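Contents: one structure, followed by commentary.
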Amino acid sequence: MADLCRASGLTASEAENLEVNPYKADFPLLAAHPDLAYLDNAATAQRPAAVLEAARRFYETMNANPLRGLYSLSVEATAAMEEARATIARFIGAASPREIIFTRNASESLNLVARTLGERMLREGDEVVISILEHHSNLIPWQEACKRTGATLRWLYPDQEGFFSQEEIEATITPATKIVAITQLSNVLGMEVPVAAIARRAREMGAYVVVDGAQSAPHLPVDVRALDCDLFAFSAHKALGPFGVGVLWGRLELLDALPPFLTGGEMIDSVSQEGAVWAPVPQKFEAGTQDAAGIYAAGVGIKYLEEVGFEAVEARESALGRALMAGLAERPFVEVYGPEDGAAHHGVVSFNVKGIHPHDVSSILDGQDVAIRAGHHCAQPLLTWLGTSATCRASAAFYNDARDVERFLEAIDTVWSLFHGLA
Amino acid sequence: MASPNQLYTPALLEHVQHPDWNFELEDATCSHEGVNPSCGDDLTIHARLADDGTIAEVSWTGEGCAVSKGSADMMADLMVGLTPTEAKTLCATFGELVRGELSAEDAEEALDEAACLASIAHMPARVKCAELAWRTMDEMLAGATEPSSTEDGLVPDAGDAR
């Protein structure tokens, strides 16, 4: 690690911090597999015991259908959901827990926005602006909304290193722009998008701003009011919570004005044979029985993340990203995508081993208990723009450590040796 | 967890690094393209049938992962001298092997060194890579004209499901 420390510009104390890992013991899967280097955190996080126990506790001590119950268990179930709503509201700087809508995942949150705001707002000749970095979740809903309304989809492009210039922002976001939908952190290249600058331009042009925070919310402190966006989506499962719980934040007056997305039980005040009166926000957007246990556990995951603290999360993930980048830079047979500065990657590094298909690389790494992702990462237009059909991607979280990085780099060497008859 | 080093054997890697049949067959009597859109595997199988209807020579061109290319090269070796019916049977046997329905031992007589791909049955996402050449061959012999995809009917690459 000393070499890596020198090459990656890690300070001695940063390198030392990565040698110790106070977090792994909190994660039952990682504790049970001490030899596993799990570096696919951008696909889904591992879960701390606190989250798993919370879901179990819900079913063991407060299980009932929330919201409509008139008995104490149901009241408790409702309170558990509302506790999570308040935690998540605080976590992203929402003005009120009422601004937090629970969905199944960030994809559903973004579909909700495209179907309600998008289809209500957009007319022929209008423009929706997204970036080339977008995950398919923040791309296809807008392609479809444009098809249905006759609006045009326009794309923001970063420079070679992945940074957006003010000129590009001003040239693309114009008076014709009605909605700007943008990721805050690329799930492929790891760099942060200047959402605040983009939102400022969108405001000047009178456009709404939708932020895909699926990759950013677990790794950066988010303040939706400081970003000055209108809507913000993320998934619990990338933020230490369970699968099947998504979040959509929106400004209250905007959510009040939007039509419902899904209809049915729980989202109404009253129903007659002729029609229905919608429940107030957020219930208006929460049709049907919610995954109350999952939502409760998602709140516990966020609390765990807050206890670790973003100061520690960012410092550790930055150091891990720089160590990964420096290690790969020492290997001339590896090509890395995105910013040259390892600190700009937020722990996410996309790369290819020259002449070897990413699926072969990830299969060989799997044989050495190193888990990475290979493929298009649900961002095919970005990969096409990068000039490749697939990459390998290592993505770190604060519960990774120096040993994970070392084992990953050794496994990359094995891939190269295996294909070149050196092993 | 299966060890992929069981998959990336010297035999497979030899076919990848030094393929015997990676060229365009100039006097091919039929050619057929097979693709795995999510992987980028894109292989074309070429074959020359002899006057008696047996397969005289098979080759492959295109790009893909080591598993798809190595598997194609091994297949080309095995096809020579077979009737189209025998070749289709062999393709079906290979399919059973990589889906884990037939053991490497039971497949070895028919599939020779291609039986070393048996361990891919433990890696569901990679089965389509191993199968690509074989399914393309099978469809070519069945007279298909549209490019073949071994992803048809399979769960697509989920990427970073959100």
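The values are calculated or read from the model by the stated rules, or taken from the named source; none is laboratory data. What you see is a predicted model; the values in this text were computed from it and never measured. We place every Cβ from the backbone using ideal geometry, glycine too, and count neighbours over all the protein chains shown.
Residue pairs whose Cβ atoms lie under 7 Å apart, separated by 6 or more positions or on different chains, with the first residue in region A:47-65 and within 18 Å of residue A:79 (Cβ to Cβ) and the second polar (S, T, N, Q), are A:64/A:74; A:65/A:74; A:65/A:289. Scanning region A:27-53 for residues that are among the aliphatic types (A, V, I, L, M) and within 22 Å of the chain's Cα centre (by Cα) gives A:29, A:30, A:37, A:39, A:42, A:43, A:45, A:49, A:50, A:51, A:52. Checked against the criterion of being modelled with pLDDT under 95, under 21 Å from residue B:121 (Cα atoms) and in contact with a His (Cβ under 8 Å, 6 or more places away or on another chain), region B:21-39 contains one or more residues that satisfy it.
Here residue A:321 meets each of (1) of a type outside the set (D, E, K, R); (2) touching a residue at least 40 places away in the same chain (Cβ under 8 Å); (3) part of a helix (DSSP H, G or I); (4) within 13 Å of another protein chain (Cβ to nearest Cβ) with one exception, condition (4).
Filtered by the rule that a residue be touching a residue at least 60 places away in the same chain (Cβ under 8 Å), touching a Cys at 6+ places or on another chain (Cβ under 8 Å) and more than 9 Å from chain B (Cβ to nearest Cβ), region A:349-379 gives A:350, A:353, A:372.
Of the residues B:80, B:98, which is β-branched (Val, Ile, Thr) and buried (at least 22 other Cβ atoms within 10 Å of the Cβ)?
When all the criteria are applied, what remains is B:98.
Just checking, how many residues over region A:17-37 are under 14 Å from residue A:240 (Cα atoms) and either crowded, with 21+ Cβ neighbours inside 10 Å or touching a residue at least 40 places away in the same chain (Cβ under 8 Å) (or both)?
Result for region A:17-37: 5.
Within region A:17-31, the set of residues being in a helix (DSSP H, G or I) and in contact with a helix residue (DSSP H, G or I) (Cβ under 9 Å, 6 or more places away or on another chain) comprises A:17, A:18, A:19, A:24, A:25, A:26, A:28, A:30, A:31. How many of the residues making up region B:23-45 are more than 13 Å from the chain's Cα centre (by Cα) and more than 11 Å from every other protein chain (Cβ to nearest Cβ)? Looking only at that region, the number is 9. Please find, within region A:170-185, the residue that is nearest to the chain's Cα centre (by Cα) out of those that are under 16 Å from residue A:210 (Cβ atoms) and not in a strand (DSSP E or B). My answer is A:184.
For residue B:11, the conditions (1) free of Cβ contacts under 8 Å to residues at least 60 places away in the same chain; (2) farther than 27 Å from residue A:388 by Cα; (3) within 14 Å of chain A (Cβ to nearest Cβ) all hold with the exception of (1). Taking region A:225-252 as the range and being farther than 20 Å from residue A:86 by Cβ, part of a helix (DSSP H, G or I) and more than 14 Å from chain B (Cβ to nearest Cβ) as the test, only A:227 passes.
Filtering region A:380-401 down to residues that are more than 12 Å from every other protein chain (Cβ to nearest Cβ) and among the aliphatic types (A, V, I, L, M), which residue is farthest from residue B:17 (Cα to Cα)? Here the residue is A:397. Applying the condition of being touching a His at 6+ places or on another chain (Cβ under 8 Å) and at pLDDT 95 or above to region A:325-353 and asking which residue is farthest from residue A:415 (Cα to Cα) yields A:346.
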